Amino acid sequence: MVRRTKEEAEQTRRSILAAARKTFHEQGVGNTSLEQIAHAAGLTRGAIYWHFANKEELFKAMRQEVTVPLADRMDYTLLSDPATAPLDRIRNFLMQFSDSVSDDPSVRHTMEILNFKCEFVGEMQQDLADYVVHSEECLSKLQRTYQAAQRNGDLRTGISPKMAAMETLVFLTGLLRLRLLGVPALQTRRELNALIAAHVDSRRQAG
């Protein structure tokens, strides 16, 4: 009975997160109330409060449901795959990230909310600060991978690991936003993979 109750509570929590994502995506975060999320989930507002203290906490949980698994995959692709050369790990990471946006509606909708349907003011300012922290963490992981490429003699002479990492982070951020905007040239996997390969190859030592 206890196990069933825990499973039911977890299912309710997942239903709330799915309803929040759907409502935030349709209406924007600022225009969405907990009552509207409760209605979308087929629950009472009290059920929302059982799991989340306020909209800010619910928003953060919705975001983390997507970003934490992405970060875990990034850790493996960039740092924990010794069988793959460092520059190939960066290419694989960029392709995996791109594929996640293409293949998983939850990832795409969450990224659209974060980029276009949320104002990082008032209660949401802390989330903007968190975004900066996550960007710094991504930059650090990219830099360590480029440092490994440099040690292997694979990184192009004249570009530092730090600069290469910064350029890749800017490339990824711009690529993501343009894809989410629906720019036609960035919507097919073939074109994306070619663009990613060109970005990474421009960092390879000529040989």
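The portion of the accessible surface of the chain made up by carbon and sulfur, rounded to a whole percent, is 54 (1.4 Å probe; DNA, RNA and ligands excluded).
A 1.4 Å probe run over the stretch 97-207, with the rest of the protein chains in place, finds 55 Å² accessible per residue. Multiplying the residue separation of Lys6 and Ile159 by 0.36 nm and subtracting their alpha-carbon distance yields 49.8 nm. Multiplying the residue separation of Glu137 and Ala206 by 0.36 nm and subtracting their alpha-carbon distance yields 21.9 nm.
Of the complete DSSP H runs in the chain, those spanning 27 angstrom or more by Cα along the long axis with a mean Kyte-Doolittle score not below 0.0 are 161-181. Taking 25 °C and 0.890 mPa s as conditions, the chain diffuses translationally at an estimated 130 µm²/s according to Stokes-Einstein applied to its Kirkwood radius (Cα pairs). Label positions at Asp104 and Asp72, each projected 7 Å from the Cα along the C-beta direction, are separated by 1.0 nm.
Rounded to the nearest whole angstrom, the semi-axes of the ellipsoid equivalent to the stretch 1-112, taken from the Cα gyration tensor as √(5λ), stand at 33, 17, 10, largest first.
The values are calculated or read from the model by the stated rules, or taken from the named source; none is laboratory data. Worth saying up front: this structure is predicted, and the values here are computed from it rather than measured. Because the Cβ atoms are built from the backbone with ideal geometry, glycine has one as well, and the counts that use them run over all protein chains shown. Side chains are part of the model used for accessible areas, which takes the heavy atoms of the whole protein and leaves out ligands, DNA and RNA. Shrake-Rupley method; radii C 1.70, N 1.55, O 1.52, S 1.80 Å.
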